[in-house]
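Following: one structure in structure tokens, then a few remarks.
The values are calculated or read from the model by the stated rules, or taken from the named source; none is laboratory data. Note that the coordinates shown come from a computational prediction; the quantities given were computed from them, not determined experimentally. Cβ: placed from backbone, ideal geometry, glycine included. Neighbour counts: every protein chain shown.
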Amino acid sequence: MVGALFLLPLMLSTFVIHHLSVANGVSIYGEKTVLSLHKFQWKQHSGIPNCSSQKSRRENGATILEMKHRDYCSGPVVDWNEKLQKRLISDEIRVRSFESRIKNSVYSGIEDQIPLTSGIKLQTLNYIVTVELGGMNMTVIVDTGSDLTWVQCQPCKLCYNQQNPLFNPSKSPSYKSVSCDSPTCQSLQFATGNSGICSGNSPPICNYFVSYGDSSYTRGDLSRDRLILGTTSVDDFVFGCGRNNRGLFGATSGLMGLGRSDLSLVSQTNSLFGGVFSYCLPSTDDLASGSLILGGDSSVYKNSSPISYTRMIPNPQLSIFYLANLTGISIGGVKLPDLGNNGNGILVDSGTVITRLLPSVYRAVKDEFVKQFSGFPLVQGFSILDTCFNLTGYEEVNIPTLRLHFEGDAELNVDVTGIFYFVKTDASQVCLALASLSYEDEIAIIGNYQQRNIRVVYDTKESKLGFAKETCSFM
């Protein structure tokens, strides 16, 4: 069997040093963190892992699911340079669709209509967990920007290739279709932007349709079945039984929606987990794992710094999403001057890869970063990334720290693995992993690349978001 290639994580030294550097003859004093490039490499592993082999456990009232990067389920990667570059291009497609739909919603003047779902844009939704549905293991992509959980079902008119067998409703004694005239069917409009459609069956059942804006979609029957998360059982869980699905969803079975509507997993399990979940996102190494924790007992977290909380920003047009108020950014310990605020907040998203900032904010961050990271040759940018360096020949470099500040004195200290993006594996094109939006009135986004090795807590009951340092692992 052809071995699969997997990307090892950026190995790092976790300490922060105070570094005195000179840029254009001016001394700059700031915080630096050490990035070890000589351990950034690609290895070939034999065999293709079983996507559904992730572990789970129950601890102090919380359910903990092992989380993997989606590359864990992918086939052999022939050209890592091409894969890394395509990931950026795909990420831009996702964000442009995001911003377009948000703008259409805001300017429609209809406050109670939410025609938005984040969707899956080609290669951009990266993290997976395994659950049991109707007695069958399903490996699904985790998305905080989608609401409806769905899997591919038999019989299937059009299905993409997945590693595990398709969900078979006929083999599940607890499977039920949702009727067309039920309140659950009517809730599809809010959750997906599309109304439920009555089938021609007798009695008519509820058909759903979710389009993700890039020709990806899922269509099928709205259904109920027993969902098992680790050892926790959820009876009559509402999900989409996808009979017609198109898109590059990888080898996964479908998607887990962790948004905020009534159909999301968060809402459906509110009585069990209190509307609280958190995750720690691992790197792309096939040996690396993180965790998705359902439930609010913080004693099960392995954070190495206190959790700092900020309130969720309410927005009627974007109520299925998680928004916070970004108040500042520090580069190398230097807090930038007033960055301005368009009042829209910043969206915390598990599906977008690269963080997007308002143009004026990005320019200030870029200028300060380049000033502090002097002495390294600048090279041409790639796709959405325009601040790039040639680090060929270096075993390690000291890079400025990156810290995001939120209302209520909350902070997100970006891990060193989330500061640079390697466009080329030989380090000849290494870019600051931040990008600019096109317009000042758009919604800024914190992508998953900047959430690596961070415990991110979503508390919908108290309407707050939390951040803490954590070295991601399942054990």
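Worth pointing out:
- Test for G145: is it modelled with pLDDT under 90, touching a Phe, Trp or Tyr at 6+ places or on another chain (Cβ under 7 Å) and not hydrophobic (A, V, I, L, M, F, W, C): yes
- Within the range 169-218, being among the hydroxyl-bearing types (S, T, Y), in a loop (DSSP other than H, G, I, E, B) and out of contact with any Cys (no Cβ under 9 Å at 6 or more places or on another chain) holds for S172, S174, S187, S202, Y212, S215, S216.
- Among the residues listed as D349, D338, the single one being charged (D, E, K, R) and within 30 Å of T192 (Cα to Cα): D349
- Condition check for T392: closer than 19 Å to A427 by Cα and polar (S, T, N, Q): yes
- Count of residues meeting criterion [without any contact (Cβ under 8 Å) to a residue 40 or more places away in the chain and over 25 Å from the mean Cα position of the chain (by Cα)] in the range 166-199: 16
- Extreme residue, surrounded by the fewest Cβ atoms within 10 Å (Cβ to Cβ), among residues of the range 378-424 that are among the acidic types (D, E) and within 25 Å of L326 (Cα to Cα): D409
- All conditions but one from (1) free of Cβ contacts under 8 Å to residues at least 40 places away in the same chain; (2) closer than 29 Å to G290 by Cα; (3) not β-branched (V, I, T) apply to P377; the one that does not is (2).
- Scanning the range 146-161 for residues that are in contact with a helix residue (DSSP H, G or I) (Cβ under 8 Å, 6 or more places away or on another chain) and crowded, with 16+ Cβ neighbours inside 10 Å yields D147, L148, T149, C153.
- Residue ranges of strands (runs of 3 or more DSSP E) in the range 223-293 with at least 1 members on the phi < 0 side of the Ramachandran plot, free of Cβ contacts under 8 Å to residues at least 24 places away in the same chain and over 16 Å from the mean Cα position of the chain (by Cα): 232-246
- Test for I446: is it among the aliphatic types (A, V, I, L, M), within 19 Å of the chain's Cα centre (by Cα) and buried (at least 21 other Cβ atoms within 10 Å of the Cβ): yes
- Taking the listed residues V353, V370, V365, V361, the one that is outside any strand (DSSP E or B), of a type outside the set (S, T, Y) and touching an Asp or Glu at 6+ places or on another chain (Cβ under 7 Å) is V353, with no other qualifying.
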